[in-house]
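Single-structure report; data block below.
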Amino acid sequence: MKANRMEAFSDGVLAIIITIMVLEFKVPAGHDWHALIELGPKILSYIFSFVYIGIYWNNHHHLLHMVRTMNGPLMWLNLLLLFWLSLIPFTTAWMGESHFAATPTALYGIILLLAAFAYWLLQRAIINQHTSDSSFFLIMGKDWKGKMSPLLYLAAALTAYVSPWISGFFFVLVAVIWFMPDKRIEHALKDR
């Protein structure tokens, strides 16, 4: 199997995840702007999750361009990533329904932390295919985003019990950090 088949499968799963999240919205009972305002927490949690899925989709696309040979471990690591991402619609809905209560918000942070760890494992497995290329290893070793994100997700999960606003700050901070795709991959591919 080539990496493009795994990418196509992943794209399909991510599209379904986004579809599931939007289907969680129920039409409001009212017919004015106030009815939409009541949906505010649900809309905000959806926006968070949509942005995160978009970030994973974008970076995953770049990452798979680095695959030299497809193998079983890569496919299982990719499925592990998709597993954690597939739980985002549940935590998104729970967080929005509860108006960002502590436990749903903490669980959202934990799921994002586990997805980040799964992405890191997949990335390491792909990078290990390039052990003979020292310049590639040098470029890919500078992963400040990948090191910072799990710490921020953990902080978001822990601070959910202090204030959902603090957790939200950490969620937004990680999204801002990753909004632009990982340039290391583009540089590494350009230098090949």
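The values are calculated or read from the model by the stated rules, or taken from the named source; none is laboratory data. Remember, it's a predicted structure, so these values are computed and weren't measured experimentally. Quick note on the areas: whole protein, heavy atoms, side chains included, nothing else; ligands and nucleic acids left out. Shrake-Rupley method; radii C 1.70, N 1.55, O 1.52, S 1.80 Å.
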Whole-Hz couplings from phi, Karplus 6.51/-1.76/1.60, listed for segment 78-91; x for Gly and Pro: 5, 5, 4, 4, 5, 4, 5, 5, 5, 7, 4, x, 5, 5
Identified option (computed Cα Rg over 2.2 N^0.38 Å; candidates (1) 1.25; (2) 1.11; (3) 1.05): (2)
Taking the chain and dividing mean pair separation by its residue count, relative contact order in percent (alpha carbons under 8 Å, at least six apart): 25 percent
In sequence order, calculated HN-Hα J values of segment 109-115 (Karplus, 6.51, -1.76, 1.60; Hz; x Gly/Pro): x, 5, 4, 5, 4, 5, 5
³J(HN,Hα) computed for each position of segment 116-121 - Karplus, 6.51 cos²θ - 1.76 cosθ + 1.60, integer Hz, glycine/proline x: 5, 5, 5, 4, 4, 4
Percent carbon-and-sulfur accessible area, the chain, ignoring ligands, DNA and RNA, probe 1.4 Å: 73 percent
GNM flexibility winner over the chain from Ile16, Ile110, Ile55 (Cα, springs under 10 Å): Ile16
Per-residue [θ]222 nm for the chain (sum of -39500 (n - 2.57) over DSSP H runs n ≥ 4, rounded to 500): -25500 deg cm²/dmol
